[in-house]
Amino acid sequence: MTSAATPPALENTSKSTARTRPAGPLGAIAGLGGQNLSLVGALVAVLAVFGILNDNYLSWNNIQVIAEAATITGLLAVVQTVVIICGGLDISVGSQAGLASVVSAMAFTSAGSNAFTGMAAALAVGALVGVLNGAVIVYGRVNATIATLAGLAAYKGVAQLVSDGRAQGYVLNDAVFVFLGRGRIAGLPVMVWILILVAVAVHVLLKYTDIGRNLYAIGGNDTAARLAGIAINKYLVAVYALIGVVAAVAGILLTARTGSGQPVSGSEGLELKAITAAALGGCALKGGKGGIGGTLLAVALLGALDNGLTVQGINSFWQNVAQGALLVVAVVVQQRRSGDRAVGLPG
Amino acid sequence: MTSAATPPALENTSKSTARTRPAGPLGAIAGLGGQNLSLVGALVAVLAVFGILNDNYLSWNNIQVIAEAATITGLLAVVQTVVIICGGLDISVGSQAGLASVVSAMAFTSAGSNAFTGMAAALAVGALVGVLNGAVIVYGRVNATIATLAGLAAYKGVAQLVSDGRAQGYVLNDAVFVFLGRGRIAGLPVMVWILILVAVAVHVLLKYTDIGRNLYAIGGNDTAARLAGIAINKYLVAVYALIGVVAAVAGILLTARTGSGQPVSGSEGLELKAITAAALGGCALKGGKGGIGGTLLAVALLGALDNGLTVQGINSFWQNVAQGALLVVAVVVQQRRSGDRAVGLPG
Amino acid sequence: MTSASRPTGDHHPTGAPHPAEARPAGDRPGADRPRSDRPGADRPGTRRPPAGPTGFADVGKHFGTVQALTGVTLDFPPGRVTALMGENGAGKSTLLKILTGDHRPSTGHVLVDGERVELRSPTQARALGIRIVPQEPEIVPHVSVAENVHVGALPTAAGRRLDRAELRRRTTADLERFGFSGLLDPELLGSDLTAAQRQLVEIMRALTGEAKLIAFDEPTSSLSEHETEALFALIDRLRAQGIAVVYVSHRMREIFRIADRIAVLRDGALVGVQDASRTTEGDLVRQMVGRDLSTLFERRAVATDRVVLDVRDVTTDHVRGVNLTVRAGEVVGLAGLVGAGRSELALALAGDLPVHSGSITLDGRPLPPGSPGRAIRAGLGLAPEERKDQALFLHRSIRENTSIAVLERLRRLRFVRRSAERDLARQYADRLRVRTPSVEQEVRTLSGGNQQKVVLARWLARRPKVLILDEPTRGIDVGAKAEIYRIIADLAEQGVALVVVSSELPELLGLADRIVVMQGGRVTGELSRAEATETAVLRLAMADDITTTTAPGAAS
Amino acid sequence: AGCSTGQETTSGSPSVAPVEGKISITYLQKQGDQEYFVGEAAGAKAKAAELGVDLKVVNLGNDANKTVSEVQAAIAQKTNGVIVVVPDPAVGPQVVQTARDAKIGLLTSDDQVCATGPDPASCAKTDLVPRVGFSGAQMGGEVGKRAAQEYTKAGWTAADTRIIAAWKQDVTVCGDRVKAAKEAFDAAAPGVRTLEVATDNTPTGAQDKVAATVTANPGVKHWVVWGCNDENVHGGVTALRNAGVGADDVIGVGLGAYLACKDWGGTQPTGMKAALYINGRDVGALAVQTMYDKLKNGKEMPAEAFARTTMVDAATWKSAGVTCN
Ligand SMILES: Nc1ncnc2c1ncn2[C@@H]1O[C@H](COP(=O)(O)OP(=O)(O)OP(=O)(O)O)[C@@H](O)[C@H]1O
Ligand SMILES: Nc1ncnc2c1ncn2[C@@H]1O[C@H](COP(=O)(O)OP(=O)(O)OP(=O)(O)O)[C@@H](O)[C@H]1O
Ligand SMILES: [Mg+2]
Ligand SMILES: [Mg+2]
């Protein structure tokens, strides 16, 4: 009955003035640039400094190395962004990836070296774990931070139990895993393509669909979202399930990269990296704010920095100091630029 | 100027009705019990279960071991509670403790085995680091989570640089450090006394002074606090300085306990434990809510659980699973008890 | 009452109630202020008598490209109530925020006692004796009302020990003195307060400590007559003490009841200041809007016989046994005093609060309980009372805030059609006269009244079968109010069943076909359009209160 | 009870009385979730079951503080002997003191501990706690020696070869191993430059860091890789392969063999040329046996007992008993 809320009279007048920002996925790049200019600046600065210091830093090869090294963190940061936008947090992403890694390798082995069985099993476990997280938060009424802190310990334990704490299986005899870990499409590593795919899909979801709108609404004001008829619970469970699935993808890539299922090694600590990237990329940890563009830029910045410091042969202790300092500087610059009044606590 | 606003006529009538809860530090225990009954329940359950399973678990000796093992986490959890109450977070507490540990041992050594010089240096560095954190957050307008994430990396790096990544000095030839690490007063380890002292002081600060109430106001609604003329910035810097000092105390104890200054070992991961304890103890991570009682109960619960699982010889993989599961169960029970309507996101 | 006996009484600006203080005719009664002998007079800025005016000199303010104020020169004489009027977004709140150091002027400066001051923070303004009751109450959620009232100035005993007994005593005494005692328990937590209670806390907060100027930014927007009267009694007392009062409201009646002088703002500029006794409602409206408005509103009755909403014997936590039927095309008004349970009933109908017993049917089908989403899909819409807490996404645009409840209509394959969405938002922004450069503006940058219009736009755009509007015109200016009434009338003509909750009686009397009055969680009566008068409604609204204690402040 | 300064402690050699009845031993391990230590725990448990000993294994992670707590907890549990792999040798004296006060047996495995100071390297022989395990210097030496052999066999020159040494720089024993490897290598084949790569001791961490290092050194033709453990070497070799360096141009010498064996089980050529097989199971079993002998029979613990290490490669790993899962 209420299908056409727009009186036709207004249809024409609006057309002329409607465009304040370019619509469609293509506008993304433009929007991204404007929003996160200081991150772009920081990234350019890092690239320039290390590029001057080292001739090979900006080689296509090294750019690919950076991209590949950042892929797994990038995947987790993308989904972390989604959950932070809707007011939650997932500290268990690293453990989830570890569990998925082990499961993928073990299912692969026990299915007589069938890569797809391995991956399907990992994805299924990922989805399951995600739904479990969501259910605990939504129906158990447990604060997301605590619930996923618990998950951090529990899923790690499960991965260790399943694998007996050892690296499991060996997948590099299998063409599919080798392709995932080492293959290239159009000159770019397959892993990087996967990140691009996931990031674009999530970006479109967030910016151009009603689902994304509702996620921002839930994070922005959950009472208002509820009263506006949004099924908060369903959305939250779905978001955690999405995280589980993407973390499983990360786990599968971990297996493909290292050649075997790693219960802990390689996935421990990823949660902090993912959250750092999301926060640096402009997500307000209170929810309702942020986007994939900023997060990816932050991932790129952190990856470029990491690689540059290693390329320069800088001692890991200095690397820690440099990373901490840069993180602060980037955000301070961001704040100065945005010119917000210094009122209350910084969001 | 507001000292004598009371018309004498009302003085008498108010006395009779004013007391809804017992005032003074002695009321703490009562208030604590009512508020965190489910934590007490969980603690009792844990003690009972392990006490039945193992004869030595409830021995005075083992209780002391539990208390001593929980001291350093406890100290950090107490100050974490304060910062969470006022709407912040400090993820760098572990790194701060590590830095203080190294500094205490190195200053001790270079001052010709003078324990007080060592401790003073550690406390000074702690205060400095705390003020730096606070300044970055307040004047740099950097979100507390990001700022202290940066600190987590940076201070760890500084500790490693200062110490060249190795344990430094040896303090067990010194009576003061030995007393801190192994001494006893009235049958309780000195370390535990220190925790008690700090906890009581902070509890009194939070509940019975206007400073504490202002902290709750800042965390609950920073706009309201600002409009009411509370100097938010000063308070925040002071809180972070307090954290720095208490983290330094933790670092000194770490040195006393392990015998030398540890840059990383023994302090890594403490941030997560401290936050877990604060959150489990009833702090809302949005700020404005929580108390020392709940946090200490949570510290005790986690410590008792940890010890019990080890005492029972449970594999560390299972311990992870058990800890995660128990954390969730404790909170779910807490939520059920509180009987809040399940609306919006769980705080 | 007891306040008169205060010996030094510097904690509260209220005191000696003069019997005949209303509207002192003489100008600048600063010399006869009764409090000139108080301690604290040595502090800068509180010297008496004032050496000069307190107010603005050529103040301008812009936010990015939005020019909120231009060249405002205005002073607030002590002992007089200066009303500040203007359309939504005219700049009233911005002006007050500059006065309290919350915003800093882009041009010009603030004067305090004739001296140019640079207000850097609210702390500084407070120290100078400037207080504000802001438009949006800011409440600390997990602490008691008493602490909320005295936040930032808690009483301490020896050292910095908080004096809880004194805190409670002061709060209780204040509640009594201000006439709010029945309405607010000092031990209640901030998070449990209703809209009106929040506003009362904000008012009490401004009245603590030593003040020379108190500004009220729409203090009555969620208060009903009863509390409003108590507030006016209070303001009368402030005036008698020689305090400068600034009063912002869109309610004409209140302005003429309380103001000595009226300053009108239009588009950020001061149009004029005149004596309240020498102006009329029509004049004011003309000055504010720039044209004449027929403020008189007459609605045609278009109610049909088809019952759309049927509420039988509904009981929730604080609402008991409510029966209510609303027909298609009918506008039912819900009246009552603070805490009468109207908002709770509305939320229960919308599925946000548990219904313990009773039945609710919509169009003959039982309304699915437990989820606002399901209620909305079944055809019920609720524009809630608290725009900031319950309705708005402050960091999103007007467009997104308007469309959130109609996305399923605007999407194609789950992709939101941007242009259709923008047209919709713009259509309602134009009709409701939302003052904004574009619909892409973040809602938090809008003025209070304009934010309220966005909330209404969302639900008007949704067009449900039953629309519940809880305090729809809170903070909305006269011009837009008329438009909202017109839209309500339109909706009724289209067969929508409407329930309007409002604490502004004239509004209800003008709008409703029927008025249901609640008190203490129960329906105490129902009045047809013909029967409904202010007295009749108030009698039902206070049915019990008449026998029990009436707040003393309300008597004046 | 009462008050104490903490100094009323036993000094000199511990006098541990033989135990009547069931013996209870606590095995405290650093990094208990790493593959090597998981094996060690398994070996210890198997031996304990065989001997009828009550054994508890505790994971200390990297936490020196937890080490102290867990020793205390074990004593509160009336354990008879503690076997410990300390996360950091500096915590040693505290552990020794605590154990002596409680008059229980103390044995270290894998990493050395000094009773009187934080640094075992500058410790009087008599103050070293009895130890079962491998010698870091010896392991490193073996790795360096084998790498040098492979290097000589390949006929590479120092000018176009680089060594990658990958380890987590704040882990003391890692530093010892790579240092020993370098010394042994230099003794046999001098002049090759070493690139030190800071990693987090995980395969992916090593892979990313080595990849960056390879980028920074584009002129290098041949690579030798060693590190603190198999994770580092395996990650480094993978990074080189991904950078397009052929298996023939890489000499990876692992430490542990548990990841190297996976490459050898595969069909592709690999840069993992050899790995030092250290069997945690053996160490665990030996440690429990040594402690048992002391507690049951009063047999003095030897100052140092070493378990076997074997250098294995693609041809020999199966026969050497490496199990790969
Ligand atoms: N932080 C801000 N950023 C941008 N624009 C702002 C901001 N605050 C206020 N404005 C703009 O300034 C103008 C004046 O707003 P103000 O809140 O003073 O209006 P008002 O007269 O109080 O209206 P109302 O009656 O609706 O409360 C409005 O156009 C508003 O959009
Ligand atoms: N006996 C009571 N005990 C505790 N709280 C009560 C009680 N009675 C009413 N309340 C509070 O008052 C609320 C009912 O007020 P509601 O907001 O529905 O009133 P209203 O008529 O909309 O008035 P207003 O919004 O103007 O305050 C309940 O939600 C509850 O929080
Ligand atoms: Mg306003
Ligand atoms: Mg209401």
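None of the figures in this text is laboratory data; all of them are computed from the coordinates on show. Remember, it's a predicted structure, so these values are computed and weren't measured experimentally. Every residue, glycine among them, receives a Cβ derived from its backbone with ideal geometry; neighbour counts consider all protein chains shown.
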Rounded if a/c is under 1.5, else prolate if a/b is larger than b/c, else oblate: which is the range D:174-281, with a ≥ b ≥ c the root eigenvalues of its Cα gyration tensor? rounded
Can you give the alpha-carbon Rg of the range A:110-249 over 2.2 N^0.38 Å, where N counts its residues? 1.26
Whole angstrom only: what separates the Cα centroid of the range C:427-449 from the Cα centroid of the range D:104-141? 75 Å
What spacing in nm lies between the two simple spin-label points modelled at C:E493 and C:R104, each 7 Å away from Cα in the Cβ direction? 5.3 nm
Label points 7 Å out from Cα along the Cβ direction at D:D119 and C:R116: separation in nm? 6.8 nm
Kirkwood hydrodynamic radius (Cα pairs, Å) of chain C? 24.5 Å
Can you work out the FRET efficiency for the pair C:A157 and C:D283, with r the C-beta to C-beta distance and R0 = 60 Å, to the nearest 0.05? 0.65
Counting Lys and Arg as +1 and Asp and Glu as -1, each charge on the Cβ, what is the dipole of the protein assembly as shown about the Cα centre in debye, to the nearest 20? 1620 debye
Using alpha carbon centers only, the range A:78-118 is separated from the range D:45-63 by a whole-angstrom value of 32 Å
Please tell me which of these pairs span more than 22 angstrom C-alpha to C-alpha: C:K92/C:K388; D:K30/D:K296; B:K156/D:K56; D:K78/D:K103? D:K30/D:K296; B:K156/D:K56
Once you average over the residues of D:32-39, how many Cβ atoms of partner chains fall within 10 Å of each Cβ? 5
Report, for B:W193, each distance to the same residue's label point in the other copies, shortest first and in nm; define the point 7 Å along Cα→Cβ. 6.9
So, with points 7 Å from each Cα along the Cβ direction, the A:I52-C:D430 label distance in nm works out to 5.5 nm
List the pairs from D:K145/D:K294; D:K66/D:K273; A:K273/D:K262; B:K289/C:K453 whose alpha-carbon separation is above 31 Å, in the order I gave them. D:K145/D:K294; D:K66/D:K273; B:K289/C:K453
From the Cα centre of the range D:241-301 to that of the range B:239-259, the distance in Å is 39 Å
Sequence-distant residues sharing a close amide H with D:L55 (under 5 Å, placed H): D:I25
Only four residue types carry charge here, +1 at the Cβ of Lys and Arg and -1 at the Cβ of Asp and Glu. Report the dipole size of chain C about the Cα centre in Debye, rounded to the nearest 20. 1400 debye
Between D:S319 and B:V44, the FRET efficiency computed from the C-beta separation at R0 = 51 Å comes out, to the nearest 0.05, as 0.35
Could you tell me which residue out of B:A217, D:V283, C:V311 lies farthest along the dipole of the protein assembly as shown toward its positive end? Charges go on the beta carbon: Lys and Arg +1, Asp and Glu -1, centred on the Cα centre. C:V311
Sequence ranges D:97-103, C:437-443, C:272-278, A:124-130, ranked by mean other-Cβ count within 10 angstrom, highest first: A:124-130, D:97-103, C:437-443, C:272-278
Built amide H within the under 5 Å cut-off of C:R514, gap 5+: C:V331, C:G333
If the only charges are +1 at each Lys and Arg Cβ and -1 at each Asp and Glu Cβ, what is the size of the charge dipole of the range B:36-334 around the Cα centre, to the nearest 20 debye? 480 debye
Taking Cα atoms only, Rg over Rh for the protein assembly as shown with Rh from the Kirkwood formula is 1.01
Where does chain B land at 222 nm, in deg cm²/dmol rounded to the nearest 500, when only DSSP H runs of n ≥ 4 count, each adding -39500 (n - 2.57), divided by all residues? -24000 deg cm²/dmol
Residue farthest toward the positive end of the dipole of chain A, with Cβ of Lys/Arg at +1 and Asp/Glu at -1: which of A:N56, A:L272, A:A42? A:A42
With unit charges on the beta carbons (Lys and Arg positive, Asp and Glu negative) and the dipole taken about the Cα centre of the protein assembly as shown, which residue among B:A120, C:S224, D:V129 sits farthest to the positive side? C:S224
In nm², the average projected area of the convex hull spanned by the Cα atoms of the range A:36-334 is 15.6 nm²
Ranked by how many other beta carbons lie within 10 Å on average, peptides C:357-370, C:117-130 from highest: C:117-130, C:357-370
With θ set to phi - 60° and the Karplus curve 6.51 cos²θ - 1.76 cosθ + 1.60, what are the ³J(HN,Hα) couplings of the range B:128-137 in order, to the nearest whole Hz, using x for Gly and Pro? 4, 4, x, 4, 4, 3, x, 5, 4, 5
With no solvent and one equal point scatterer per Cα, compute the Debye intensity ratio I(q)/I(0) for the range C:233-284 at 0.24 Å⁻¹ and report its log10, rounded to two decimals. -1.02
Shielding of D:259-268 by partner chains, average beta-carbon count, 10 Å: 4
Per the 1/(1 + (r/R0)^6) rule, R0 = 45 Å and r from the Cβ atoms of C:H356 and C:D275, FRET efficiency to 0.05 is 0.25
Footprinting proxy, B:W60, C:W459, D:W167, D:W264: sorted fewest to most Cβ within 10 Å, the residues are B:W60, D:W264, C:W459, D:W167
Exposure proxy ranking, count of Cβ atoms within 10 Å, fewest first, for C:S221, C:S397: C:S397, C:S221
How well do other chains shield peptide A:286-299, expressed as the mean number of their Cβ atoms within 10 Å of each residue Cβ? 1
